[in-house]
1. Along the axis that rotates chain A into chain B, which residue of chain A has the nearest beta-carbon, and what is the gap in whole Å?
2. Shielding of B:166-177 by partners, i.e. mean partner chain Cβ atoms within 10 Å per residue?
3. Using only atoms on other chains, find how many Cβ atoms lie within 10 Å of each Cβ of peptide B:200-206 and report the average.
4. Under 17 Å from the Cα of A:LYS20, which lysines turn up, not counting those fewer than eight places away in the same chain?
5. Taking a probe of 1.4 Å and counting only protein heavy atoms, give the total accessible area buried between chains A and B in Å², rounded to the nearest 100.
6. Just want to confirm a number: the relative contact order over the stretch A:70-218, from Cα pairs under 8 angstrom separated by 6+ residues, in percent.
7. Inside 10 Å of the C-beta atoms of A:178-190, what's the mean count of C-beta atoms belonging to other chains?
8. What dipole magnitude, in Debye to the nearest 20, does the stretch B:70-218 give about its Cα centre under +1 on Lys/Arg Cβ and -1 on Asp/Glu Cβ?
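The values are calculated or read from the model by the stated rules, or taken from the named source; none is laboratory data. Please read these numbers as outputs of a predicted model, since none were measured by experiment. In this analysis, Cβ positions are derived from the backbone assuming ideal geometry, glycine residues included, and neighbour counts consider all displayed protein chains. We work out accessible area using only protein heavy atoms, side chains counted, and drop any ligands, DNA or RNA first. Shrake-Rupley method; radii C 1.70, N 1.55, O 1.52, S 1.80 Å.
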There are 2 protein chains.
Amino acid sequence: MNIVHFLCTEIDFMGTIERKAREKEELKALILKAARKLFVEKGIGQTTIRNIADSIDYSIGTVYVYFRDKNEILHALHTQGFVDLGGQLKVLFNVKDPMERLKAMGKVYITYGLNNPEMYDLMFILKAPMEFLETIQKDEWDEGKASFDSLRTTVKQCMDAGHFKGHKLDPLCFLIWSCIHGMCSLEIGSRTKNANIKNPENIVTDAYDEFLIIISNL
Amino acid sequence: MNIVHFLCTEIDFMGTIERKAREKEELKALILKAARKLFVEKGIGQTTIRNIADSIDYSIGTVYVYFRDKNEILHALHTQGFVDLGGQLKVLFNVKDPMERLKAMGKVYITYGLNNPEMYDLMFILKAPMEFLETIQKDEWDEGKASFDSLRTTVKQCMDAGHFKGHKLDPLCFLIWSCIHGMCSLEIGSRTKNANIKNPENIVTDAYDEFLIIISNL
DNA sequence: CAAAGAAAATGAACAATGTTCATTTTTCAA
DNA sequence: TTGAAAAATGAACATTGTTCATTTTCTTTG
């Protein structure tokens, strides 16, 4: 698209350009949707680019037109996951009592993790190769940070309301997040990692109940 | 080695056989040592069988004479790790006060994890492919189970001593393990996963202090 | 010590996968 | 209709896990 073209096609110029842009976005979204579906079905490690391409009837090369490499696909889904979980956590700010909100946040986080184990893996467990790490931009992590900030803000409000006396804000936040994350990752691991050593049914629910009792009394 | 050989070589039969067996064990141990070194240096995912073979001046094929596949190497190191950590935990049974022992166990566990992040990854985080999971034998998991049993026994003794009133044993054990595991995996992840979002210095130590305060008062 | 047979070690070769890029096909303004 | 830009393609390459026929080394025996 050079200057001559630009001058001569003023009329439907924007229409076509915009449609093309939209189609590009749509195919990008289609690839991501297919990738996510396969990740859930057969696991991230077992999903190949060829699988993704085949499942949407495009060639391998096309996938590489829309995503630089496999990591960029992981990265895009990673972002989707944080937007999704972060959104669910934001909604909880309608709960005014910070202690109640904190309890609800834990519940939402755990539910998200156990219902979307592959996404949870991608977001919090999987170590992507070096290249992936280096391409992460500050603003692309904002959603991830926002989730942690939701927790931090809520714990701060709990302290202001007289809870958690004798505890330090940031270490306590890290401890709480560790608890919740630990439960999710141990449970997800027990489901997929060692099929012969399964956690007891409802162990996470029961442990979370213990967690609620403990923080209620702090 | 057929019947004829057996009958004719009675004298140094055992000597040679034993030496051969020992040499086999030594080479197996050498391969594992090299694998572990490379895992620590460049990460598990970045270490190839060729790397391992090269580093000890053997051919690729030789590695496959001693280990069926890469998973068997991971599996052997996995076992080593559990023996090591489990041994450290067992020593703590010299501490008679169960609450003090529980606190010490957390410290030992965390120290092990942060000092041996690649091993910790292998033992508690990494999801190995299906084949690996299926080859795990019950008795090979005894060391892993023993570690959890150490925790369970200790928490039980705490309860018998009057602690943790109103809590259930197994969910509480799972919660405690989740806390400790969560701290380790978040810290290990923050060191390797996203280089630009590092945890604050000493966050694990500080959070573990909060943990100690909390369980002391339960 | 020499030779045969067993054990160990080897590395070429294959399959699967991520990735690249020259080529082909499609689209669209002129 | 046509030619250039955009999009799609898939052959081909590099890497890695893995296999196995062949070679080398070791051990026993005559």
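1. Closest to the axis: A:GLY182, 1.
2. On the way: counts 4, 4, 4, 0, 6, 11, 6, 3, 12, 12, 4, 4.
Averaged over the peptide's residues, the number is 6.
3. On the way: counts 3, 0, 1, 6, 4, 1, 6.
Taking the mean over all residues of the peptide, I get 3.
4. Once the sequence-local lysines are set aside, what remains near A:LYS20 is A:LYS28.
5. On the way: alone 13510 and 13500 Å², together 23050 Å².
About 4000 Å² of accessible surface is lost on pairing.
6. Across the stretch A:70-218, relative contact order equals 29 percent.
7. On the way: counts 15, 9, 3, 8, 13, 7, 2, 8, 7, 2, 1, 6, 0.
Taking all residues of A:178-190 together, the mean is 6.
8. Values: 16 positive and 20 negative charges, 73 e Å.
Charge dipole, the stretch B:70-218, about its Cα centre: 340 debye, nearest 20.
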